[in-house]
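All of the numbers you see were taken from the coordinates with simple rules; none came from a lab. Model, not experiment: these values are computed from the prediction. Here Cβ is always computed from backbone atoms with ideal geometry, including for glycine, and neighbour counts include all displayed protein chains.
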Amino acid sequence: MVNNPKSIFTIDVEDYYHVTEERGEPPVSKWDELPSIVEKGFYALLELLDQNQVKATCFFLGYIANRFPHLVREAQKRGHEIGSHGMYHRIIYKMSRDEFYQDCLNSKQILEDISGEKVECFRSPSFSFTTSTPWFYEVLAQIGFVSDSSLFPVKRDFGGFATDNIKPHWITAESGRICEFPISVAPLFGKDICFFGGGYLRLFPLKVILHMHRKLSRQGIPTMFYIHPREIYPQHPRLKMNWSNYFKAYVNMHSVQSKLQAILQSSSFVTCHEYMRTELKEI
Ligand SMILES: [Zn+2]
């Protein structure tokens, strides 16, 4: 059992078709007509977290919260932190500053109305915060967020922001400070790679994931894990996409349950809010 540093487990609460436009995400106008598996997947994740007595930060898409408000209440009842994943899963660098402000504010208000609590943590769809969105943190601070987990510290399909700063750290914007929780990466053959969420977690063997997790822990870096409800519900409908995107979206779906079980037992976990309170001692 690794005691320090605490790790962070997060869920992006969205449906199976929220895969970004480039990978075949249907337009928002069609969403209401589509079958949904978010309840099945999310409840399965909540059960797994309960079994392992782990509290997570759940980044809800505003659209999902609106359609399934009981999921927000259920997560809250079980002691998890409610965060925002934006309103309509829009890529940040494809929005103007004003569009981002509105999308972000809508999701925050919906989540606060449902939960009756302040929602203070944000994660952008597809980690799409980049150097072309210099207003990103300022907008979050203006709206009243105090933390974010959108920084993917290496280049990837939908952005990424190359930096060596992979520990939680403070960003000072004009309207306030934001605590950034970067997505974890670890070096393999001289290249920083993520092993700890989504397609990366499905692709790499459990032994490698746990080895890299321990490596970060020894350096005092908390590992940030992330997963989506569809990934624990392998029978969800498949979208049409090219071979490479299909591989990334659906590889090793059946490995997720057992990998998560082992990961959740490998460390002690806190939410982003708890990490700020207990580890950074700043709130
Ligand atoms: Zn997402």
Roughly what % antiparallel, to the nearest 5, for the DSSP beta bridges in the chain?
30
Roughly what would the spin-label model give for Thr172 and Asn242, points 7 Å off Cα along C-beta, in nm?
4.4
Collect residues whose amide H, placed 1.01 Å from N in the peptide plane, falls under 5 Å from the amide H of Ile193; neighbours closer than 5 in sequence don't count.
Ala186, Leu188
How would you order 143-152, 213-222, 237-246 from highest to lowest mean count of nearby Cβ atoms within 10 Å?
143-152, 213-222, 237-246
Which semi-axis lengths, in whole Å and largest first, follow from the square roots of five times the eigenvalues of the Cα gyration tensor of the range 1-89?
26, 14, 11
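Compute the whole-percent fraction of alpha carbon pairs in the chain spaced more than 34 Å apart. Mind dumping the intermediate values first?
Numbers: 4321 of 39903 pairs.
Counting every Cα pair in the chain, those more than 34 Å apart make up 11 percent.
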Once you put a point 7 Å from the Cα of Ala262 and another 7 Å from the Cα of Asp164, both along the Cβ direction, what distance in nm separates them?
3.2
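As a footprinting exposure proxy, order Met95, Met212 by other Cβ within 10 Å, with the fewest listed first.
In increasing order of surrounding Cβ atoms, one gets Met95, Met212.
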Rounded, prolate or oblate: which one fits the range 76-189, using the alpha carbon gyration tensor with axes a ≥ b ≥ c (rounded when a/c is under 1.5, else prolate when a/b beats b/c, else oblate)?
prolate
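Which pairs, out of Lys6/Lys207; Lys6/Lys55; Lys167/Lys259; Lys191/Lys281; Lys207/Lys248, put more than 22 Å between their alpha-carbon atoms? Mind dumping the intermediate values first?
On the way: Lys6/Lys207 20 Å; Lys6/Lys55 12 Å; Lys167/Lys259 24 Å; Lys191/Lys281 32 Å; Lys207/Lys248 20 Å.
Long pairs (Cα-Cα over 22 Å): Lys167/Lys259; Lys191/Lys281.
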Cut-off 13 Å between beta-carbons: net charge of the residues surrounding Ala262, Lys and Arg +1, Asp and Glu -1
+3
